[in-house]
1. Please compute the modelled spin-label separation between LYS87 and ILE249, points set 7 Å along Cα→Cβ, answer in nm with one decimal.
2. What FRET efficiency would be calculated for the residue pair GLU52, ARG256, taking the C-beta separation as r and a Förster radius of 30 Å, to the nearest 0.05?
3. Given a 1.4 Å probe, how much area per residue of the chain is accessible, in Å²?
4. Net charge near SER345, counting Lys/Arg +1 and Asp/Glu -1 over other residues with Cβ under 10 Å of its Cβ?
5. Give a quick list of GluC sites (Glu not before Pro) in region 123-206 that DSSP marks as loop, anything other than H, G, I, E or B, with at most 13 other Cβ atoms within 10 Å.
6. Please compute the net charge surrounding GLY261, taking Lys and Arg as +1 and Asp and Glu as -1 over other residues with Cβ under 12 Å from its Cβ.
7. With springs only between Cα atoms under 10 Å apart, run a GNM on the chain and tell me which of ALA79, ALA291, ALA253 wobbles the most.
8. Pop out the carbon and sulfur fraction of the accessible area of the chain as a percent, whole number, probe 1.4 Å.
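The values are calculated or read from the model by the stated rules, or taken from the named source; none is laboratory data. This one's a predicted model, so the numbers in the text were calculated from it and none came from an experiment. Neighbour counts are summed over all protein chains in view; Cβ atoms, including those assigned to glycine, are modelled from backbone coordinates with ideal geometry. Ligands, DNA and RNA are excluded from the accessible area calculation, which covers all protein heavy atoms including side chains. Shrake-Rupley method; radii C 1.70, N 1.55, O 1.52, S 1.80 Å.
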Amino acid sequence: MVATAPLATTFVTSPASFAANPLNVPATTSANAATTRISDTAFDAMAPYFKELYGNPSSLYTLGQLSQEALYSARETVAKCLNCDMKEITFTSGGSEADNQAILTGAYLGAAKGKKHIISSAFEHHAVLHTLEKLEKQGFEVTLLPVHSDGFVRVDELENAIREDTALVTIMFANNEIGTVQPIREIGEVCHKKGVLFHTDAVQAAGHIKIDVKEQNIDMLSLSAHKFHGPKGAGVLYAKKGIKLYTLIEGGAQERGKRAGTENVPAIVGMAAALKYATENLDKNFEYVKALRDKIAEGLSKIPHSKINGDINRGLAGTLNMCFEGIEGESLLLLLDDRGISASSGSACTSGSLDPSHVLLALGLPHEVAHGSLRISLSEYNTEAEAEHIIKEVPQVVEYLRSMSPVWKDLQEGKKQYVIQ
């Protein structure tokens, strides 16, 4: 059976695997929203650069130049996957750093021209939202577009929000909690028509759906290796030729002077290998994972007073987010974990918070319903047997929790009205 990391994914492990593994550490992993198991392809590509080829790529001796060649090859590979020039690729430590650098770049380039207005959406990742809050303290004005109940921003609302002083639009490619894929090409087209830079946080999308920065009118894009079976600690910022990046980290000439620090060669090599493999297998993996997700969605939708959040027919294949009225999400997660199913109720970056997901609140769900959410995420490593296990166990846990819930009792007795019909 397969297993995944806790908090923001789905894993199923057999009793036998736990008996053989007293620490309860999963032997294999499946893709999920928070992180993924590293693929054999990525791991094997990285291995030589830990010991034999450990040179600093900035060094002139042979060992260093071999590392420099590996960086060149990785940059070329990533560029081909995104359909851009390799000089437009900057390696970072991950998606959050790339988001920060892109947004600050767009903001400061705009400010130099007297433009200090930025447009984003209400359900962005906190790497974006917190950076925007930082800019607001510096005198920038931020407009957060509403997200409709289907999980999408509206292109016409974006166009109407763009002003003469708009410097940047930053809208995520695919939402990390409900999986909806935004109309990126159309958003980019509007931005270009209005002369505004467009950045997209593609951390959840890269390696799972097709990305073509030219075709989709993208000026800057962020991605992170560990979301598509690459290693943690490696990411990419794509910036279209002509965009002068703001330097976040000073101290060296690495990455053309835009990101100081010795490059993490093993992680970058692994990231490139993982992205290449994922890109080459997009269609096959999408169809397989979508079938598993749809099977689970159909099974769990039979639970009374439950609902799917967002339009899964226009979303990532492996993401399913549901709400079950009358229960608390934290209890649901703990009981499912005890049955070998690891899931989340929101982003792993805010998993320590007792507040309901800001994404679900942005969809218009009331607090008490958003609290009863469950995010299941799947990949090509998951199996039909695991899907069946989820379909069997989740309804039992929901029924058990409702049997103890005073809120559910009030709903059944008509003292409160159901929100989910």
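1. Spacing of the two 7 Å Cα→Cβ label points: 2.4 nm.
2. Working: r = 27 Å, r/R0 = 0.92.
With a Förster radius of 30 Å, E is 0.65.
3. On the way: 18010 Å² over 421 residues.
Result: 43 Å² per residue.
4. On the way: positive: ARG375; negative: GLU177, GLU328, GLU330.
Overall, the nearby charge balance is -2.
5. Working: sites: GLU124, GLU133, GLU136, GLU141, GLU157, GLU159, GLU164, GLU177, GLU186, GLU189; in loops: GLU124, GLU164, GLU177.
Sites meeting the loop and neighbour criteria: GLU164.
6. Values: positive: LYS258, ARG259; negative: GLU97, GLU250, GLU255, GLU263.
Cβ neighbours under 12 Å give a net charge of -2.
7. ALA253
8. Details: 9600 of 18010 Å².
Carbon and sulfur atoms account for 53 percent of the accessible area of the chain.
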